[in-house]
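Below you'll find the structure, written out as structure tokens, and then a few comments.
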Amino acid sequence: QNFAAYSKLKKLALMVIAHKSTSEEIGFLRKAFEQYDEDHDGFIELNDFRDALQSYGYCEEDIMDMFHGADIDSTGSIKYTEFLAATIEAHGAINEERLAEAFDRLDTDDSGFITAENLRELLGDDLPLTEIQSIITECGLTNDQQISYEEF
């Protein structure tokens, strides 16, 4: 439930960590994803998500917040990597080394900072520059339009 409130950069970092995780580390999460993906199409749709979480007593508002928080690319469905990003931290699969790897992956030019250009390179041209700049602004504590490892 906390994942919905995370910054977009933190969600991206968790996706990077999830993508680099081994099947031994996250195999149990694959099984959970498959349970929620009722029609086995590789996506968790809102109805699948709602069906799975209503049995745990979540209200509709909480379910919607969690779903939209996990749907990082706003496609209306949750892909496996988005599901992993939303659940991996809760299962203790993240340590300092993993955070450093995620930072290095996001810092595409090895400058020691994550910039709007780094995110553009990683996310592609489909995401508006204003959205990318808002990700930097959201996390940058020094307002220098870049994110250091400490800020990360």
Per principal axis, largest first, the Cα atoms of region 1-74 extend in Å by 32, 28, 20
Expressed in nanometres to one decimal, the distance between label points 7 Å along Cα→Cβ at residue 25 and residue 50 is 3.5 nm
Rounded to one decimal in nm, the spacing of the 7 Å Cα→Cβ label points at residue 117 and residue 39 is 4.4 nm
Packing-ranked peptide list from 68-76, 51-59, 100-108, 9-17, highest mean Cβ count within 10 angstrom first, is 9-17, 100-108, 68-76, 51-59
Simple spin-label estimate for residue 68/residue 32, 7 Å along Cα→Cβ, in nm, reads 2.3 nm
In cubic angstrom per residue, the convex hull of region 82-152 built on its Cα atoms measures 100 Å³
When the charge dipole of the chain is computed with +1 at the Cβ of Lys and Arg and -1 at the Cβ of Asp and Glu, the Cα pointing farthest to the positive end, of 19, 146, 40, is that of 19
Out of 64, 112, 100 - ranked by how far each Cα lies towards the positive end of the dipole of the chain, with unit charges on the beta-carbon of charged residues - the top one is 100
CD proxy, 222 nm, the chain: helix-only mean residue ellipticity via -39,500 (n - 2.57) per DSSP H run with n ≥ 4, per residue, nearest 500, stands at -17000 deg cm²/dmol
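With +1 on the Cβ of every Lys and Arg and -1 on the Cβ of every Asp and Glu, and nothing else charged, how large is the dipole of the chain about its Cα centre, in debye rounded to the nearest 20?
Details: 11 positive and 34 negative charges, 47 e Å.
Dipole size: approximately 220 debye.
None of the figures in this text is laboratory data; all of them are computed from the coordinates on show. In this text the structure is predicted, and so the values were computed from the model without any measurement. Note that we place each Cβ from the backbone using ideal geometry, even for glycine, and neighbour counts take in every protein chain shown.
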